[in-house]
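The values are calculated or read from the model by the stated rules, or taken from the named source; none is laboratory data. Keep in mind that this is a model prediction, so the values were computed, not measured. Because the Cβ atoms are built from the backbone with ideal geometry, glycine has one as well, and the counts that use them run over all protein chains shown. Protein only, heavy atoms only, side chains kept; ligands, DNA and RNA dropped before computing areas. Shrake-Rupley method; radii C 1.70, N 1.55, O 1.52, S 1.80 Å.
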Amino acid sequence: MKTYFRLLSFAKPIEKFAIPYILFTLLYVVFSTSVLGLLGPLLNTLFHVGACKCDPQAIPVKASDISTFDVSGWFKYYTNHFIALYGEWGALKFVCGVIVCAVFLGNIFRYLSQRIMESLRIHTLLKIRKAVFDNVMNLHMGYFSNERKGDIMSKIASEVQTVQFSVTGTLQVVFKEPLLLIGYLIWLFVISAKLTLISLLIIPIAGFFISRIVKKLRSQAVAAQNSYANMISYLDEALSGIKIIKAFNATDFIIKRFDDENIRFSKITRAMSKRQQLASPVSEALSVSMISFVVLYGGYLIFNKKSDLDAGQFIAYIALFSQLMRPAKAIGDAFSNIHSGLVAGERILALIDEKPQIVDAPDAVVVDDFKEGIHLENVSFAYNEREVLKNVNLTLPKGKTIALVGPSGGGKSTMMDLLPRFIEPKSGRILVDDHDIQQIKTTSLRGLMGFVNQESILFNDTIFNNIAFGKIGVTQEEVEAAARIANAHNFILETDNGYETNIGDRGTKLSGGQRQRICIARAVLNNPPIMLLDEATSALDTESEKLVQDALNNLMKNRTSLIIAHRLSTIQNADLIIVLEDGTVVEQGSHLELLANNGLYRRLIDMQTFTG
Ligand code: ADP
Ligand code: MG
């Protein structure tokens, strides 16, 4: 129930929708139930039963005899008046006219109420989807390495939809069907209280059967959604790794993995729908039995003169009673469907509730210039229990080029990730000038830094937009200037549409070196004082490596740069080289100093000269 109301709370301001909705629904209920209630007098008029000109006794003589709420009494009264005035044919026309008007109005109000409900549903979905995506974008990096992308995608893409179909779908049921039910019940009581009381005794029995059916649905819904999320994960991995899958002839393996999950999902949904679908025929059968019971019992009352129901009333009663089953059934169906919606809702809410672990301190300051340097003081970091950085003390002075080298797995990338606060040190602190980075607003901290990684992260968009990425009001000249610095201008002009060329998913239409130069242009355009380069050339062939290296050298001019380079020859001119091994700084100094040191750096250099 809590989940349900929280999901509903996304419909804020709900009064805006609820008040007119309830109003229109009430009007709809009044008009549509009246039509059936009026059926009795209509039939009586037609077949000369009870009140008519030839039987003046049956006419309710005075208006004061009829109680204010006895609608059918009033109807009868006026019908008879009409008969007296215009004759039977005229009265029939009048009755039909009233019924047509009532149906017409009833349906107008139904349409209006449905429109409101639809916009409420769409509005709620919009809000939920936005809340999920906003929150996902604000989560810390660590979350994404622990969660599967497919899981998140399935939540935003399909589970929100499930919520629409069941949770907001039940809204309609919650507001409308009980009103209809009450409307019909009032009419039934008006026609015959006795018959109604007895017939209602059967409802708990129907309720029992339905609840038996929907019992297991919840656990099945959980399993179904997990399985669906797995499928999306597999799909995502298969699409992004399609080249490798083909290269390793692993298509069959991948197909089988997807197939197995697909089959599992189908099995669960089949089992679920078996139950869900069962609810309908069962309640159908129950309702027909109930109607038969009412006919039997009503007939018994009439035969034995225990009731003063006339033919018209009895037929109207049965018609009303059969209509009563519709809202009752709708309520039952909604209950059998709501489970999948609630389960999806819970999963979505869990994602919305996930708190980012790296947030701005309440008194965080904005820092927009960089004056002196970055300092690491006793910084340690661990992934879970594994220590990756141990008590690192370092100074990265402004305006210098600093290189991080060391064996793979030594913690270089981890150290670089600490600076923009992608991850948080376990102990110790990091200072930019004299501000602890935990006291700086992350947006302004990250604004000081530019990034170029080993994998070029590009988007399926034009070259221009990939370079201008996220910046507003960038001119063509600025983008071109950045591209020139990044050695990219010439190749961009050679593409089909120049800067307007679409580069495909993740930039697949470009070569690795070209992609990387676009990433560099993007960093140049941003013009941050600090550059972080993590093995920016390691994925490239020698020729494009040279072009990219030139671009990088341009990029690093007049900046503070921290570089992780796989090829040590490229960082020999660095002002400071830091050698990191197993999470500790084992050496630091200039190239010549370190060579003279005869330590790890020298061994690494020798290894590279030897291998090539
Ligand atoms: P490198 O010096 O090669 O850049 P990294 O900083 O990437 O090394 O990694 C340092 C160590 O941390 C490695 O042993 C790696 O296995 C581990 N590691 C890196 N990222 C994660 C992660 N997200 N979760 C757990 N361990 C990680
Ligand atoms: Mg690395």
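Ile205 falls short on exactly one of the conditions (1) surrounded by 15 or more Cβ atoms within 10 Å (Cβ to Cβ); (2) in contact (Cβ under 8 Å) with a residue 12 or more places away in the chain, and that condition is (1).
When restricted to residues that are within 18 Å of Val343 (Cβ to Cβ), modelled with pLDDT of 90 or more and β-branched (Val, Ile, Thr), region 225-268 contains 1.
Report the residue count in region 368-413 for those that are within 16 Å of ligand 1 (Cβ to nearest atom), open to solvent by 30 Å² or more (accessible area, probe 1.4 Å) and within 38 Å of the chain's Cα centre (by Cα). Write out each step before concluding.
Just the residues of region 368-413 that are within 16 Å of ligand 1 (Cβ to nearest atom), to begin with: 376, 379-392, 394, 402-413.
Applying the additional criterion that residues be open to solvent by 30 Å² or more (accessible area, probe 1.4 Å) yields 383-387, 390-391, 407-409, 413.
After this cut, where a residue has to be within 38 Å of the chain's Cα centre (by Cα) as well, the list is 383-387, 409, 413.
Adding up the residues that qualify gives 7.
Put simply, of Ser408, Ser413 the only residue that is farther than 24 Å from Asn558 by Cα and within 16 Å of ligand 2 (Cβ to nearest atom) is Ser408. Among the residues of region 577-612, those identified as closer than 20 Å to Leu418 by Cα and touching a Pro at 6+ places or on another chain (Cβ under 9 Å) are Leu580, Glu581, Asp582.
Being more than 20 Å from Leu36 (Cα to Cα) and aromatic (Phe, Trp, Tyr) holds for only one residue in Phe321, Phe265, and it is Phe265. If the condition is being modelled with pLDDT under 70, surrounded by 19 or more Cβ atoms within 10 Å (Cβ to Cβ) and assigned to a helix (DSSP H, G or I), then region 42-54 contributes only Thr45.
Scan region 580-592 and tell me whether some residue there is among the small types (Gly, Ala, Ser), away from ligand 2 (no atom under 16 Å from the Cβ) and either in contact with an Asp or Glu (Cβ under 6 Å, 6 or more places away or on another chain) or open to solvent by less than 10 Å² (accessible area, probe 1.4 Å) (or both). Walk me through it before giving the result.
We begin by selecting, within region 580-592, every residue among the small types (Gly, Ala, Ser); these are 583, 589-590.
Those still in the list that are away from ligand 2 (no atom under 16 Å from the Cβ) too: 589-590.
Remaining after also requiring either in contact with an Asp or Glu (Cβ under 6 Å, 6 or more places away or on another chain) or open to solvent by less than 10 Å² (accessible area, probe 1.4 Å) (or both): 589.
The answer is yes; a qualifying residue exists.
In this structure, is Leu547 open to solvent by 10 Å² or more (accessible area, probe 1.4 Å) and among the aliphatic types (A, V, I, L, M)? It is true that Leu547 is open to solvent by 10 Å² or more (accessible area, probe 1.4 Å) and among the aliphatic types (A, V, I, L, M).
Taking the stated definitions as given, is Phe464 part of a strand (DSSP E or B) and open to solvent by 20 Å² or more (accessible area, probe 1.4 Å)? Lay out the reasoning, then the answer.
Working: part of a strand (DSSP E or B): no; open to solvent by 20 Å² or more (accessible area, probe 1.4 Å): yes.
Spelling it out, it is not the case that Phe464 is part of a strand (DSSP E or B) and open to solvent by 20 Å² or more (accessible area, probe 1.4 Å).
Scan region 315-331 and give yes if some residue there is in a helix (DSSP H, G or I), open to solvent by 70 Å² or more (accessible area, probe 1.4 Å) and of a type in the set (Lys, Arg), otherwise no. Yes, region 315-331 contains at least one residue that is in a helix (DSSP H, G or I), open to solvent by 70 Å² or more (accessible area, probe 1.4 Å) and of a type in the set (Lys, Arg).
Listed by first and then second residue, the pairs with beta-carbon distance under 9 Å, at least 6 apart or on different chains, first residue in region 249-278 and closer than 22 Å to Phe335 by Cα and open to solvent by less than 40 Å² (accessible area, probe 1.4 Å), second assigned to a loop (DSSP other than H, G, I, E, B) and at pLDDT below 95, are Ala271/Lys216; Met272/Lys216.
Determine if region 357-377 includes at least one residue that is within 24 Å of Ser145 (Cα to Cα), touching a residue at least 60 places away in the same chain (Cβ under 8 Å) and polar (S, T, N, Q). Yes - at least one qualifying residue is present in region 357-377.
With respect to Asp310, determine if the residue is of a type in the set (Asp, Glu), surrounded by fewer than 19 Cβ atoms within 10 Å (Cβ to Cβ) and farther than 30 Å from Lys215 by Cα. When the stated conditions are applied, Asp310 does not pass them.
Restricting the search to region 472-494, which residues are part of a loop (DSSP other than H, G, I, E, B) and buried (at least 17 other Cβ atoms within 10 Å of the Cβ)?
At the first step, the residues of region 472-494 found to be part of a loop (DSSP other than H, G, I, E, B) are 472-475, 486-488.
Selection gives Ala486, Asn487, Ala488.
Which one is farthest from ligand 1 (Cβ to nearest atom), of the residues in region 419-446 that are assigned to a strand (DSSP E or B) and touching a residue at least 40 places away in the same chain (Cβ under 8 Å)? Filtering first and then ranking leaves His435.
Tell me, yes or no, whether region 127-137 has at least one residue that is within 16 Å of ligand 2 (Cβ to nearest atom), polar (S, T, N, Q) and open to solvent by 20 Å² or more (accessible area, probe 1.4 Å). Spell out the reasoning first.
Initial filter on region 127-137 (within 16 Å of ligand 2 (Cβ to nearest atom)): none.
No.
For region 189-202, give me each residue that is assigned to a loop (DSSP other than H, G, I, E, B), at pLDDT 75 or above and surrounded by fewer than 16 Cβ atoms within 10 Å (Cβ to Cβ). Reasoning before the result, please.
Taking region 189-202 and keeping what is assigned to a loop (DSSP other than H, G, I, E, B), we get 192, 201-202.
Checking the rest, the ones that are also at pLDDT 75 or above come to 192, 201.
Selection gives Leu201 alone.
Phe335 passes every criterion in (1) more than 18 Å from Ser287 (Cα to Cα); (2) assigned to a helix (DSSP H, G or I); (3) open to solvent by 10 Å² or more (accessible area, probe 1.4 Å) apart from (1). Is one or more of the residues making up region 232-252 closer than 30 Å to Ile291 by Cα, among the aliphatic types (A, V, I, L, M) and in a helix (DSSP H, G or I)? The answer is no; no qualifying residue exists. Screening Met416 against (1) away from ligand 1 (no atom under 13 Å from the Cβ); (2) within 36 Å of the chain's Cα centre (by Cα); (3) surrounded by 19 or more Cβ atoms within 10 Å (Cβ to Cβ) leaves a single unmet condition, (1).
Does Asn553 satisfy the criteria of being closer than 30 Å to Asp606 by Cα and surrounded by fewer than 23 Cβ atoms within 10 Å (Cβ to Cβ)?
Numbers: closer than 30 Å to Asp606 by Cα: yes; surrounded by fewer than 23 Cβ atoms within 10 Å (Cβ to Cβ): yes.
So Asn553 fits the description; yes.
The residue that is farthest from Ile437 (Cα to Cα), among those in region 355-407 that are touching a strand residue (DSSP E or B) at 6+ places or on another chain (Cβ under 7 Å) and among the hydroxyl-bearing types (Ser, Thr, Tyr), is Thr401.
From the list Ala565, Ala523, exactly one residue is farther than 28 Å from Asp368 by Cβ, in contact (Cβ under 8 Å) with a residue 40 or more places away in the chain and of a type in the set (A, V, I, L, M, F, W, C). Which is it? Of the residues listed, the single one that is farther than 28 Å from Asp368 by Cβ, in contact (Cβ under 8 Å) with a residue 40 or more places away in the chain and of a type in the set (A, V, I, L, M, F, W, C) is Ala565.
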